[in-house]
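The values are calculated or read from the model by the stated rules, or taken from the named source; none is laboratory data. All values reported here derive from a predicted model rather than from experimental measurement. Neighbour counts are summed over all protein chains in view; Cβ atoms, including those assigned to glycine, are modelled from backbone coordinates with ideal geometry. Accessible surface is based on the protein model in full, side chains and every heavy atom, while ligands, DNA and RNA are left aside. Shrake-Rupley method; radii C 1.70, N 1.55, O 1.52, S 1.80 Å.
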Amino acid sequence: MQEPWTHTTVMLKEAVDALFPDGPHAPPPAGTYVDATFGRGGHSRAILARLGPEGRLIAFDKDAEAVAEAARIQDARFSIRHQGFKDLGELPPGSVSGLLLDLGISSPQIDNPARGFSFRFEGPLDMRMDTTRGESVAEWLATADQQQIAEVIRDYGEERFAVQIAKAIVARRQERGPISTTTELAQLVAGAVKTREPGQNPATRTFQALRIFINAELEELQQALEASLVVLKPQGRLAVISFHSLEDRIVKQFIAKHSREVYDRRAPFAAPKAMKLRSLGRVKPSQAEVDGNPRARSAILRVAERTADGG
């Protein structure tokens, strides 16, 4: 049965244009490209439309539903891996002409109550990108101690009421047993958060934190960025779309670190190590896109190019 949830790809044109610097009217390229977060395939389909007959697109996704959607693409140039982008390093060194990471979660994941990502719907408190393995949020909250819970909510959600929320979760667990649904957690957080940003649900930061933690999203992002230096060929493009400050800070600092020459202070007269990337700046979604798709509001696209002599 066709699922009722739809997904609008964020910054579709900008991201794909970043991978193909010669523009849409240039001869179709023949390199290998990677969509490291297939989602529902918006970027992948646009990349395939730009590739020549000798081109190749490899997609990654941890979500079994995304992999099932990818199976609908009948194109010999395309393949999908049921893996997270932390496994990018499995690709041959210097083999990739363009690499895209869209770090947002797809609308079908958010809007499907059974996935447990949203405080807006009653559902099991799961939040795993890959539901075939690993621990759900409910399972982790059932055993984690107060300090662990507070640290996760503070560090990954930048929530100033993290300690109060953790105390409420542990007290609830001791009184009535573990929390098992999204609405239970949202109501508990609402009672512990004393002030909130206008228009923002008090549970927003807590749900973000638990999702990032349970899926090891920031650790995987670091691994993928490091792998990009190995798998990208000279002049290969890296394009990353992030949706919150923790992700964007990691991407920004990574590109900045590798976009400058490194001098060895112990050998001041030695030639510096060449930079590995050339930063090509950042792009924000247009106002028209934000008006049509509010989930694009916080998106930032950062682009860099692998240098020829920074290996």
Residue among 137, 163, 34 with the largest mean-square fluctuation in a Gaussian network model of the chain, springs linking Cα atoms under 10 Å: 163
Integer Hz, Karplus 6.51/-1.76/1.60 couplings in order for the range 120-128, x for Gly and Pro: 7, 10, 6, x, x, 7, 9, 6, 6
Cut-off under 5 Å, modelled amide H: who pairs with residue 57 long-range: 33, 78, 79
Residues whose placed amide H lies under 5 Å from that of residue 236, excluding near-sequence neighbours: 306
Cα point-scatterer Debye curve for the chain, base-10 log of I(q)/I(0) at q = 0.07 Å⁻¹: -0.31
The chain: antiparallel DSSP beta bridges as a percent of all, rounded to 5: 45
Protein-only accessible surface order, largest first, of 176, 154, 205 at 1.4 Å: 176, 154, 205
Per-residue ³J(HN,Hα) for the range 149-155, Karplus 6.51 cos²θ - 1.76 cosθ + 1.60, θ = phi - 60°, Hz, x for Gly and Pro: 4, 4, 5, 5, 5, 6, 6
Residue-wise HN-Hα coupling along the range 158-174, computed from phi with Karplus coefficients 6.51, -1.76, 1.60 (Hz; x: Gly, Pro): 6, 9, 6, 9, 4, 5, 5, 5, 4, 4, 5, 5, 5, 5, 4, 5, 6
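Ignoring ligands, DNA and RNA, please state the percent of accessible area on the chain from carbon and sulfur, probe 1.4 Å.
On the way: 7860 of 15230 Å².
Carbon and sulfur: 52 percent of the exposed surface of the chain.
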Those lysines that a straight Cα-Cα span of less than 22 Å connects to residue 167, excepting residues fewer than 8 apart in one chain: 194
Total formal charge among the other residues, if their Cβ is under 13 angstrom from that of residue 205, Lys/Arg +1 and Asp/Glu -1: 0
Which of 123, 137, 74, positive extreme of dipole for the chain (C-beta unit charges): 137
Proximal lysines relative to residue 257, as straight alpha-carbon distance under 18 Å, when same-chain residues fewer than 8 apart are discounted: 273, 276
By average C-beta atoms within 10 angstrom, highest first, the peptides 90-98, 22-30: 90-98, 22-30
Average accessible surface area per residue within the chain, 1.4 Å rolling probe, Å²: 49
Helix axis angle, 217-231 relative to the chain longest principal axis, alpha carbon, degrees: 10
Where 244, 82 fall by accessible area, highest first, once all protein chains stay in place (1.4 Å): 82, 244
